[in-house]
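Participant: Please see the structure below; I have some questions.
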Amino acid sequence: MKNILIKYFLSCFLLIISCVTYGQKKSKVADSLKVLLQSSTDTIRVKLLNDIAYQYLADFPEEASKYANDALLQSQNINYTNGEITAINHLGLSYYYRSNYDKALEYFNKALVISRVEGSKFKEAVTYNNIGLVYDDKADYNKALDNYFKALNLAEKNNDKRLVANITNNVAVIYQNQGKFDEALDFHKKALKLKEEIKNIKGVGNSLHNIALLYKLKGDYEKSLEYNFKALEIRKSIDDLNGTALTLNNIGSVYETMEQYDKAFTYFEQSLDLRKNLKDQYGLAVTTFSLGSNYCSRKQYEKGLGYMNDALEKAKAIGAKELLKGGYEAIALVYAEQKNFSKAYEYQKLLMQIKDSILNSETAKQINELQTKYESEKQQKEIELITKNNQIQALELNKNKLWMWVLLATVLLVLSLASLLYNRYQIKQKANLLLEHRNSEITLQKKEITDSINYAKRIQESILPPKEHWKKMLPESFIFYRPKDIVSGDFYWIEQKNEVVCFAAVDCTGHGVPGALMSVVGFNLLTQAVNEMHLTQPSEILKHLDAGVTKTLRQSVEGKGVKDGMDLSLCSLNKVTNELQYAGAFNSLYYIKNGEFKEIKSDKFPIGVNLDGVVDNYNNHSIQLQKGDSVYLFSDGYADQFGGPKGKKFKYNQLKNLLISISDKSIDEQQKLVANAFDSWKGNLEQVDDVLIIGVRV
């Protein structure tokens, strides 16, 4: 025990020393520049202030903003435009590193306007690249690529290899995020080669890290680890604290994917310790979530969910919606794995809400950006007009005044007409763009809704008993299940208590998403009745279900809550004595005993909708079955289906005759005959409701 404690305190002490050493080394360059600052003036002073700001940017963005602000003020005082543009870009980056994207864009757009006026292609390229970084973090990849390629075009014309390498790397990351792995690898390798040529050690570390991530996405984990460890070695050697934390997290992620959870945990912890010393809230949220996921992978769900929810709070604080989206989805899956379906749906609803929020904010953002673009182009035209007018005035000073005024009036008239035509063209273009965006928005909304419903289907499918689980309890049985939509209001349920198997065919009010939500409530209450309340008598189970639905949906005479319920037939079969017990709400029971068809009528009141607060009592029926007898449970969907030569309902009499005719067949053959009869009757007509039939042979 003593040795363990010694090792623990030693490791903590070494970590503290490493952090202090990092702070000392990182600040050496800045300290040297500060010494020079004391004896400098004018443009030299501005350059030094900007250099100090740059040294602090990634790890101490708040400190960087102080020096950048000072550089901006002094640049403006001495009319030093180059220094002003650099300072504004540094201010934008200081907000970018603190995840304040709106403020970052505000400064970058200012820098862009001044760069254009001054004709500085290098500064313009730098600014476009910075704007691309913001849109990349915001997952607006089309806008990010648009800005990166503008920056790349300018940087290549300027023959600036360092800038070209950085932008090439950023383009690769975008392709990577879009799943275009081959294109991403090409750009990553180009960036790495350029960085090695110019001996940009930090940049080489970044490229190695990104190539490692790409190989992980391609499923080549050994290659990913190889590049990750190369990146880690370089980043540690130059005291790149942010980069080291990121690579440690990624190494942990690779081991997590390889199911080497203990190794993964070690690297996640190292990453978290480093990120706590930084003010990178986004990175802290990512690593915290990684640790939570690791605990869940090792079945330590309570700890894992604690870390995950802590990460969500951090993501909420900085407005990182993509992190929230991934977090909600992962937590929903954890709860589904635990079969805590109410919690799974709670987080699924949060996931749908954040998706809607992202969609709405993106739409508003697109409209604002269109307006900003229009104003920016208008401002650019005004700048060009002023420049042209100044040139005209300079050329005409030595000419006759009359000709000067005539020429000027003519130019102004032409420019006015051109401006009018241009404005009309811009308005039309803007309208067309808005129309295109709205059409895209509608298409995206449809996809988002379908994605959400498909996700709900996955959760509902995980609720339903697997075929092998069902067959283990009732080997001689079949289930014919046809949801009308992607998700269903009908569901089948089974549980076993000692020698008694309880099973049911349930029809919730409605179909699609509303019905599916009701099915989760019903499934949980039925399972609770058997496993927690130890009930096996069908009438008692229905009574528990009736009370539970009324309470869960807050149904009352005052009109509050949901007025929906469910119809069902529920049986319990003693596998030793072959005694079958049945209770039903609106759904009857058909059974064939000694070759003779029989029916037990259900009670005519549904589950739930007890507005007076009084729980219903259901009749319990007992039947002594023999080997070879058959039992059939069903919802109303089969009998209510329109079809046949006259497009009429199938009806219950025809269903009875069908079941009688197939009762002597094998279970598998019965299922095929039921399916064929339904498809033949329905033909090309639309399915009107969810369909469920359960057949059991004793």
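Participant: In whole Hz, with x marking every Gly and Pro, tabulate ³J(HN,Hα) for the range 222-228 from phi via Karplus 6.51 cos²θ - 1.76 cosθ + 1.60, θ = phi - 60°.
Facilitator: 5, 5, 4, 5, 4, 6, 4
Participant: Taking 0.36 nm per residue of separation and subtracting the Cα-Cα distance, what length does fully extending residue 282 through residue 453 add?
Facilitator: 58.6 nm
Participant: Give me the one-decimal nm value for the distance between modelled label points at residue 189 and residue 81, 7 Å along each residue's Cα-to-Cβ direction.
Facilitator: 4.2 nm
Participant: Within 10 Å of each candidate Cβ there may be at most 14 other Cβ atoms; applying that plus a DSSP loop requirement, which GluC sites (Glu not before Pro) in the range 247-319 survive?
Facilitator: 259
Participant: Filter the cross-link list 484/649; 575/601; 66/161; 180/218 down to pairs whose alpha-carbon distance in this structure exceeds 18 Å.
Facilitator: Check vs 18 Å cut-off fails for 575/601; 66/161.
Participant: Which GluC sites (Glu not before Pro) does the range 482-542 hold that lie in a coil by DSSP with at most 16 other beta carbons within 10 Å?
Facilitator: Passing both the DSSP loop test and the Cβ count: 499, 532.
Participant: Which FRET efficiency, nearest 0.05, do residue 199 and residue 43 yield, Cβ-Cβ r, R0 25 Å?
Facilitator: The pair residue 199/residue 43 has a calculated efficiency of 0.35.
Participant: Roughly how far apart, in whole Å, are the Cα centres of the range 82-138 and the range 165-183?
Facilitator: That distance is 21 Å.
Participant: Now for a different question. Using alpha carbon centroids, what distance separates the range 228-272 and the range 486-558, in Å?
Facilitator: Going from one Cα centre to the other spans 47 Å.
Participant: Same structure, new question: Tabulate in residue order the Karplus-calculated ³J(HN,Hα) for the range 630-645, using 6.51 cos²θ - 1.76 cosθ + 1.60 with θ = phi - 60°, rounded to whole Hz; enter x for Gly and Pro.
Facilitator: Computed from phi, the couplings for the range 630-645 are 10, 10, 10, 10, 7, 9, 8, x, 5, 5, 8, 6, 7, x, x, x Hz.
Participant: For the charge dipole of the range 240-355, defined by +1 on Lys and Arg C-beta atoms and -1 on Asp and Glu C-beta atoms about the Cα centroid, which residue among 295, 348, 242 has the Cα displaced farthest towards the positive pole?
Facilitator: Selected residue: 348.
Participant: May I pose another question? Kindly list the residues of the range 665-698 that lie in the label zone of residue 471, defined by a backbone N under 19 Å from the point 7 Å along the Cα-to-C-beta vector.
Facilitator: 665-675, 693-698
Participant: For residue 353 paired with residue 259, estimate the spin-label separation in nm (one decimal), with each label point 7 Å from Cα along the Cα-to-Cβ line.
Facilitator: 3.6 nm
Participant: Would you kindly state how much longer the chain becomes between residue 588 and residue 158 on full extension, computed as 0.36 nm times their sequence separation minus their alpha carbon distance, in nm to one decimal?
Facilitator: 146.6 nm
Participant: Which of rounded, prolate or oblate describes the range 464-697 when judged by the alpha-carbon gyration tensor and an a/c cut-off of 1.5?
Facilitator: oblate
Participant: Work out the length of the dipole vector of the range 245-365 about its Cα centre, built from +1 on the beta-carbon of each Lys and Arg and -1 on the beta-carbon of each Asp and Glu, and round it to the nearest 20 debye.
Facilitator: Working: 16 positive and 15 negative charges, 45 e Å.
That gives a dipole near 220 debye.
Participant: Separate question: Show me the trypsin sites (Lys or Arg not before Pro) within the range 261-307 that DSSP assigns to loop and that have at most 12 other Cβ atoms within 10 Å of their Cβ. Working shown, then result.
Facilitator: Values: sites: 263, 275, 276, 279, 298, 299, 303; in loops: 279, 298, 299.
Listed in order of number, the matching sites are 299.
Participant: Just to verify a number: FRET efficiency for residue 229 and residue 121, C-beta to C-beta distance, R0 = 30 Å, to 0.05?
Facilitator: Numbers: r = 39 Å, r/R0 = 1.29.
So, using R0 = 30 Å, E works out to roughly 0.20.
Participant: For the range 145-292, give the magnitude of the charge dipole about the Cα centre (Cβ charges: +1 Lys/Arg, -1 Asp/Glu; no others), in debye to the nearest 20.
Facilitator: 500 debye
Participant: Check which residues have an amide H placed less than 5 Å from residue 691's amide H, if you skip close sequence neighbours.
Facilitator: 482, 484
Participant: Here's something else I'd like to know. Ranked from highest to lowest mean number of other Cβ atoms within 10 Å per residue, what is the order of the peptides 666-677, 140-151?
Facilitator: 140-151, 666-677
Participant: Ordered by residue, what ³J(HN,Hα) values in Hz, to whole numbers, does the range 534-543 give under the Karplus form 6.51 cos²θ - 1.76 cosθ + 1.60, where θ = phi - 60° and Gly and Pro are x?
Facilitator: Ordered by residue, 3J(HN,Hα) equals 6, 8, 10, 7, x, 4, 6, 5, 5, 4 Hz.
Participant: How long is the gain from residue 137 to residue 576 if the chain were fully straight, where each residue apart is worth 0.36 nm and the alpha carbon distance is subtracted?
Facilitator: Residue separation times 0.36 nm, minus the Cα-Cα distance, leaves 151.7 nm.
Participant: Here's another thing I want to ask about it. Classify the range 240-355 as rounded, prolate or oblate, taking a ≥ b ≥ c as the square roots of the eigenvalues of its Cα gyration tensor: rounded when a/c is under 1.5, otherwise prolate if a/b is larger than b/c and oblate if not.
Facilitator: Note, shape of the range 240-355 comes out oblate.
Values in this text are rule-based calculations from the coordinates and carry no lab data. This one's a predicted model, so the numbers in the text were calculated from it and none came from an experiment. Every residue, glycine as well, gets a Cβ built from its backbone with ideal geometry; the counts of neighbours run over all protein chains shown.
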